[in-house]
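Structure first, commentary second.
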Amino acid sequence: MILSNSDGELLVKTARMAITKYLTDYKKIDLTDEFKEKFSFNSGVFVTLNKNEDLRGCIGFPTPDRKLHQSLIEAAIASSTEDPRFLPVSIEEMREITVEVTVLTPPSVIKVNHPLEYPKMIRVGRDGLIVRWRYGSGLLLPQVPLEYGWNEEEFLNHTCEKAGAPPNCWKQKGTIVLKFEGIVFREKTPDGPVIKLEL
């Protein structure tokens, strides 16, 4: 998957417009045919909102079940209104919020002979993780361990916790670990220039 910086800028600006439109009059934005055509491939995507460097909302779709232009709009609106960890974003707050879009490669199961092999099968700064255990699943994006300075084991531990599992759940038989990569585009300042994050 190849996305140019101008593609990334378009995705981020469209995500912001979708949020603004929905928070203003509770309607979905009308996308141009050109935008739909450009992003008509299936892809997972996450939209992350940050306010003063703190997370303000993050919702997305890990698997490529839908066209990117569809998933982007749904994830953008949901990140501002449906993240259960936060109250819905207000339209006034959008002046203080930076928007980030992560486009995902399809997740693949990491095959190991023994769970203790997992840390050497992943790379911090490249991979995002999904952990599936008997009571659910959790996902962390590739940029998260970089922001917190985690190593591979800590990354696995925290992804288990995101799944509602004990931190060492990845060491147990029956737990499935998947990895994916992400292309991240982020506003430097609220509604400001968009940069590609070098992971």
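Are any residues in the range 135-184 under 18 Å from residue 109 (Cα atoms), charged (D, E, K, R) and in contact with a Pro (Cβ under 6 Å, 6 or more places away or on another chain), and if so, which ones? Once the filter is applied, which keeps residues that are under 18 Å from residue 109 (Cα atoms), charged (D, E, K, R) and in contact with a Pro (Cβ under 6 Å, 6 or more places away or on another chain), the range 135-184 yields 152, 153, 171. Does residue 117 fit the bill of being at pLDDT 95 or above, among the acidic types (Asp, Glu) and out of contact with any strand residue (DSSP E or B) (no Cβ under 7 Å at 6 or more places or on another chain)? The answer is yes for residue 117.
Is at least one residue of the range 107-116 farther than 14 Å from residue 199 by Cα, assigned to a helix (DSSP H, G or I) and touching a helix residue (DSSP H, G or I) at 6+ places or on another chain (Cβ under 9 Å)? Looking through the range 107-116, at least one residue is farther than 14 Å from residue 199 by Cα, assigned to a helix (DSSP H, G or I) and touching a helix residue (DSSP H, G or I) at 6+ places or on another chain (Cβ under 9 Å). Screening residue 168 on (1) more than 17 Å from the chain's Cα centre (by Cα); (2) assigned to a strand (DSSP E or B) shows it passes everything except condition (2). Residues in the range 98-152 that are within 16 Å of residue 63 (Cβ to Cβ) and polar (S, T, N, Q): 102, 105, 108, 137.
Looking across the range 113-147 at every residue that is farther than 20 Å from residue 64 by Cα and free of Cβ contacts under 8 Å to residues at least 24 places away in the same chain, the one that is surrounded by the fewest Cβ atoms within 10 Å (Cβ to Cβ) is identified as 113. For the range 46-73, taking the residues that are over 15 Å from residue 141 (Cα atoms) and free of Cβ contacts under 8 Å to residues at least 24 places away in the same chain, the one that is surrounded by the most Cβ atoms within 10 Å (Cβ to Cβ) is identified as 70.
The residues in the range 74-88 that are surrounded by fewer than 21 Cβ atoms within 10 Å (Cβ to Cβ) and not charged (D, E, K, R) can be counted, and the count is 6. Cβ-Cβ contacts under 6 Å between residues 6 or more apart (or on different chains), taken from a first residue in the range 81-109 that is farther than 21 Å from residue 41 by Cβ to a second residue that is of a type in the set (Lys, Arg), are listed as 96/51; 97/51; 97/56; 99/16. When the range 5-42 is limited to residues that are outside any helix (DSSP H, G or I) and under 18 Å from the mean Cα position of the chain (by Cα), the one that is surrounded by the fewest Cβ atoms within 10 Å (Cβ to Cβ) turns out to be 41.
The values are calculated or read from the model by the stated rules, or taken from the named source; none is laboratory data. Please read these numbers as outputs of a predicted model, since none were measured by experiment. Every residue, glycine among them, receives a Cβ derived from its backbone with ideal geometry; neighbour counts consider all protein chains shown.
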